[in-house]
Amino acid sequence: MKLLKCIAFFVVSVLLFVGCGNSEEVSTMEKIQNQLKNMESYECTGTLTRISNKGQNVYDIKQYYKSTGEYRLELLSPDDVAGNYTVFDGTSIFQHNPRVQGKYIKNVPQSQMRNELFLGSFAKNYFQSEDVSIETASMETGTTTVIEAVIPGENKYTATEKLWINDETIKPVKLVIYDVEGNERYIVEYKDFEYNCDIDDSLFKIPEN
C-alpha cells in the first residue's frame with residue numbers, strides 16, 4: 001500500500017510540474033502578444049546591420065514609432081552618415097542629410113525595406129501571418145521567445161522575419177529580416193527600448209522649407 005501511495009504521489013507531482021511549465025510558457029506568450037497588440041508607440045536605440053552581396057554595413061540608430069503610422073529613423077554613426085534621418089509624418093516621407101546642399105529631400109518614395117525595420121511592421125505581419133513558428137533561445141540578456149512572421153509583397157530581399165523577445169522584460173532583443181533563400185539581410189539589435197512613451201509630435205514634422 002505504501003508503495004502504491006508513493007507511486008501515485010510521484011505521478012501527480014510530475015503532472016503538476018508539467019502543467020505549471022505549460023502554464024508559464026502560455027503566460028509568457030500571452031504577455032508578448034498583448035504587448036505587441038497594445039503597443040501605441042516606442043523609442044529605442046540600437047544597431048542596424050545591412051548585409052548584401054558586397055558585404056555588410058553597421059550603423060548605430062535611433063527609432064521613434066507611433067501606431068498611427070508615423071516614424072523617425074536617425075543614423076548616429078559612423079561619422080560619414082551621422083546626422084542623417086528619415087521621417088514619415090503619416091502621409092509623406094522626407095530625408096535630411098546635413099552633408100548635401102539643400103539638406104532636405106521631400107516626397108521620398110515609400111520603401112518596404114525601411115518600413116520593415118520598425119517593430120510595428122513586424123507586429124502587423126505577425127498577426128496577419130497564417131503560419132508562424134515559436135521557439136525559445138538563450139542569449140546573454142536571458143531566455144528569449146523567438147517568433148516568426150511572413151512579410152507580404154513577395155520581395156525577394158524581405159521575405160520572412162524573426163523577433164527575439166526577452167521573456168522577463170517582454171522587450172525586443174533582436175529583429176532579423178531574411179531573403180527568399182533564408183539569408184540574413186537586415187539585423188536590428190535593440191539597446192535602450194521603451195514601450196508606449198510620450199513622443200513629441202514635432203519629431204515627425206516635415207519642414208515647410
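The values are calculated or read from the model by the stated rules, or taken from the named source; none is laboratory data. The shown structure was predicted, so the numbers you read here are calculated from the model rather than taken from an experiment. Cβ atoms come from the backbone with ideal geometry, glycine included; neighbour counts cover every protein chain shown. Ligands, DNA and RNA are excluded from the accessible area calculation, which covers all protein heavy atoms including side chains. Shrake-Rupley method; radii C 1.70, N 1.55, O 1.52, S 1.80 Å.
Atom-type composition of the exposed protein surface of segment 28-107 places 41 percent of the accessible area on carbon and sulfur (1.4 angstrom probe). Computed per residue of the chain from DSSP H runs no shorter than four, each worth -39500 (n - 2.57), the mean residue ellipticity at 222 nm is -8000 deg cm²/dmol. Each Cα pair under 8 Å and six or more residues apart adds its separation to the average, and for the chain the resulting relative contact order is 19 percent. In straight-distance terms, cross-link reach from Lys174 covers every one of the lysines whose alpha-carbon lies under 16 Å from its own, apart from those fewer than eight places away in the same chain; here that gives Lys62, Lys162, Lys191. Listed by chain and number, the aspartates and glutamates whose alpha-carbon sits under 18 Å from that of Lys106, ignoring those within fewer than 8 places in the same chain, are Glu70, Glu74, Asp89, Glu208. In the distance distribution for the chain, Cα-Cα pairs more than 29 Å apart total 33 percent. Please work out the FRET efficiency for the pair Asp80 and Tyr104, using the Cβ-Cβ distance as r and a Förster radius of 22 Å; give the result to the nearest 0.05. The computed FRET efficiency comes out at 0.70.
Could you run the Debye sum over the Cα atoms of segment 144-209, one equal point scatterer each and no solvent, and tell me log10 of I(q)/I(0) at q = 0.19 Å⁻¹, two decimals? Once normalised to I(0) and log-transformed, intensities are -0.83. Each label point was placed 7 Å from the Cα along the Cα-to-Cβ direction; for Gln95 and Lys156 their separation is 2.3 nm. Which of the three applies to segment 104-153, rounded, prolate or oblate, going by the alpha-carbon gyration tensor with a ≥ b ≥ c and a/c under 1.5 meaning rounded? The shape class here is oblate.
Counting only Cβ charges, +1 for Lys and Arg and -1 for Asp and Glu, the dipole size of the chain around its Cα centre is about 140 debye. Count Lys and Arg as plus one, Asp and Glu as minus one, and take only other residues whose Cβ is under 10 Å from that of Gln63; the net charge is then 0. Summing +1 for each Lys or Arg and -1 for each Asp or Glu among the other residues whose beta-carbon sits under 11 angstrom from that of His96 gives +3.
Pairs of Cα atoms nearer than 8 Å and 6+ residues apart set the relative contact order; for segment 58-103 it is 27 percent. Each of the peptides 88-95, 167-174, 118-125 was scored by the mean count of other Cβ atoms within 10 Å over its residues; in descending order, highest first, they stand as 118-125, 167-174, 88-95.
Projected over all directions and averaged, the alpha-carbon convex hull of segment 98-209 occupies 9.6 nm². Normalised per residue, the accessible area of the chain is 61 Å², obtained with a 1.4 Å probe and no contribution from ligands, DNA or RNA.
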